[in-house]
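Participant: Okay, handing you the structure first.
Computed from the coordinates by the stated procedures, all read-outs in this text should not be read as laboratory data. Being a predicted model, the structure only gives us computed values, none of them experimental. Glycine also receives a Cβ, built like all others from the backbone with ideal geometry; neighbour counts cover every protein chain displayed.
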Amino acid sequence: MVYIIFIVTTITEFVLLNLFWVLRENESFNSAIGSRQELVLDAAGRQMENYIRNLMDITDSVYFDILKDNGSDWDEKQRLLDLEYGVNNRYILDISFFDMEGNVRLTSTSAALKKGIDVKEESWFKDALSDPENAVFSEPVVENLFMDPSAHYEWSIPDNCKFQI
């Protein structure tokens, strides 16, 4: 009988100690995971801020250096746009400018607009016309305006700017 009580007591202590240890380690593990998640989210937030800041800088550069330069003809504006795109193509998919009727005036790609695309019906185009004073970044959309021989479309964040040129 003493042996049975000894064995039951020993097993109970063993189980309780292991349970206590597992719970303590689990709490420590969850705390470490939470700290790492905070670091990852903070880093992702800083990267997104840098990305948006770069897009805003590119927008300013294109506006002041290319579009606002009234002394340049359209061929020169296109050459400057190609240079700007070449420097920044790791940040942007495309830079295109449309007139008020939705026709392409300048584009950084050599692709043509798809047939049947009416840019005036695109939400980002309407947004640009509705707020002529500001550049506005729209929600992400799949960029599928231009003919793409590889049929590979990218998610993009349109920078809706209305510039009088």
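Participant: How much length is gained if the chain between A43 and K115 is pulled fully straight, taking 0.36 nm per residue apart and subtracting their Cα-Cα distance, in nm to one decimal?
Facilitator: 21.7 nm
Participant: Run the numbers for E101 and T12: contour at 0.36 nm per residue of separation, minus the present Cα-Cα distance, in nm.
Facilitator: Once the chain is fully extended between E101 and T12, it gains 23.9 nm.
Participant: Between K68 and D94, how high is the FRET efficiency from 1/(1 + (r/R0)^6) when r is the Cβ-Cβ distance and R₀ = 25 Å? Nearest 0.05.
Facilitator: So, using R0 = 25 Å, E works out to roughly 0.75.
Participant: Further question on the same structure: What ranking, highest mean first, results for peptides 11-18, 120-127 when packing means the other Cβ atoms within 10 Å averaged over each residue?
Facilitator: 120-127, 11-18
Participant: Starting from the Cα of K68, draw a straight line to each of the lysines and keep only those under 29 Å, dropping any in the same chain fewer than 8 residues away.
Facilitator: The reachable lysines, counting only those whose Cα sits under 29 Å from K68, are K77, K114, K120, K126, K162.
Participant: What is the log10 of I(q)/I(0) for region 6-112, computed with the Debye formula using one identical point scatterer on each Cα and no solvent, at q = 0.19, 0.21 Å⁻¹?
Facilitator: -0.98, -1.09
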